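Before any comments, here is the structure.
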Amino acid sequence: MEKAYLVLSDGTVFEGKAFGADTDAVGELVFTTGMCGYLETLTDESYAGQIVTQTYPLIGNYGVIPADFEGECHVRGYVVREWCDAPSNFRCEGDLDAFLKERGVPGIYGVDTRQLTRILREKGVMNAILCRSVPADLTVVREYAVSGVVAECSTKTPAVYPAEGDTKFRVALMDYGAKRNILRELQRRGCEVTALPHDTPAEAVLALAPDGLMLSNGPGDPQENVYCIEQLKKLVGKLPVFGICLGHQLLALAMGGTTTKLKYGHRGVNQPVRELGGTRTYITSQNHGYAVVSESLAGIGRVIFENANDGTCEGVEYPGKRCFSVQFHPEACSGPLDTRFLFDRFIAMMGGED
């Protein structure tokens, strides 16, 4: 295999071997701690604009299974310790090398991902370039910024998905880069779902007369999405609202809160979340680099979940507004299923419960 290099914006160089697409790529370098679910990671559109490092050493052992995809692949590059070039699984329909080649995504393996993760934890997320030769000038790498990625990932036209069984409710899904399992969780509960482009005006949403509004996950800096935030301001209080991940952040901004960028984010399927006012700690799946500032919502919303590791905001409800949101992924694919009950809460809200 040809040599490849991962060069960090601070000049640190990791040498490995190339797989995937034969191209160079600049992106924001992040790590995820999931021990399984690499296909869901690669097709999670919240990773748009980023080079993803898997901390788990062996990747690709069960090949490529299209039924497990959560969306389109928008990662900029892929970094692993060991790539399995001979996958074995009864559902396997291809290998990871071909998957990355088809989508123009370069990969590198043979990298010390433990050392790489230590650097990111100590110094914070930084930009990097995945390349076949080390560049003399890193200006382009240092100046790179993840931008415009919600528009890149969102559906371009509305699409209607029928409920499983009888239709009980009609839900408008604002697609900021939605994971498919959000859609599936709603369909399983008898919801007909209309997926809408991220820039759909509030008036067009209300014209559909939906029973509830679902705000999806998505990539990038939430504060960049000024138009989306303005539309949410017009929608809050007019129908039940449930937000996940980026949807949680956009809802907080629409309500007058603020967000902040985390040092290295929360990405993986083992993130502990404590229920405030209760006795439970849930293990959750997460993928985000920004967080809602809890204090910014004082007198506006009530924080209902917090991260058990660093105390950051993981969920908010807005009394009297019929809306709530969470930073983690209750639809969790792959990952723990502990918090799927939040979809049932949304269903109950559409049924008239507070």
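Give, as ranges by residue number, the residues of segment 84-122 whose backbone N falls under 16 Å from the point 7 Å along Cα→Cβ of Lys17.
84-87, 96-98, 107-113
Students often get this wrong, so check it: of Lys261/Lys321; Lys101/Lys156; Lys156/Lys233; Lys3/Lys179, which have C-alpha atoms separated by over 30 Å?
Too far apart for the 30 Å limit: Lys3/Lys179.
Where the only charges are on Cβ atoms (+1 Lys, Arg; -1 Asp, Glu), what is the dipole of segment 240-329 about its Cα centre, to the nearest 20 debye? Show your work: numbers first, answer last.
Numbers: 8 positive and 6 negative charges, 26 e Å.
Roughly 120 debye for segment 240-329.
Using a Gaussian network model on the chain with a 10 Å cutoff between Cα atoms, which of Val193, Val75, Val205 fluctuates the most?
Evaluated over the chain, the most mobile residue of the options is Val205.
Per residue, how much accessible area does the chain have with a 1.4 Å probe, in Å²?
Working: 14200 Å² over 354 residues.
Heavy-atom accessible area per residue stands at 40 Å².
Tell me, what is the FRET efficiency for Ala204 and Thr258 to the nearest 0.05, using R0 = 22 angstrom and their Cβ-Cβ distance as r? Mind showing how you got there, number by number?
Values: r = 28 Å, r/R0 = 1.27.
Taking R0 as 22 Å, the efficiency between Ala204 and Thr258 is 0.20.
What FRET efficiency would be calculated for the residue pair Lys238, Arg302, taking the C-beta separation as r and a Förster radius of 25 Å, to the nearest 0.05?
0.80
Between Met1 and Ser133, how high is the FRET efficiency from 1/(1 + (r/R0)^6) when r is the Cβ-Cβ distance and R₀ = 22 Å? Nearest 0.05.
Calculated value: 0.90.
Roughly speaking, to the nearest percent, how much of the chain's 1.4 Å accessible area is carbon and sulfur?
48 percent
Among 49-58, 89-98, 338-347, what's the highest-first ranking by average C-beta atoms within 10 angstrom per residue?
Highest to lowest by the protection proxy: 49-58, 338-347, 89-98.
Pop a pseudo-label 7 angstrom from the Cα along the beta-carbon direction at both Glu82 and Arg274 and give the gap in nm to one decimal.
A separation of 3.8 nm, rounded to one decimal place.
With the contact rule set at Cα under 8 Å and sequence spacing of 6 or more, what percent relative contact order holds for the chain?
The value is 15 percent.
Any aspartates and glutamates with Cα under 13 Å of the Lys234 Cα? List them, leaving off those in the same chain fewer than 8 positions away.
Once the sequence-local aspartates and glutamates are set aside, what remains near Lys234 is Glu203.
The values are calculated or read from the model by the stated rules, or taken from the named source; none is laboratory data. None of the values given here were measured: they were computed from a predicted structure. Note: ideal-geometry Cβ built from the backbone for every residue, glycine included; neighbour counts use all protein chains shown. To get the accessible areas, we keep the full protein, side chains included, count just its heavy atoms, and leave off ligands, DNA and RNA. Shrake-Rupley method; radii C 1.70, N 1.55, O 1.52, S 1.80 Å.
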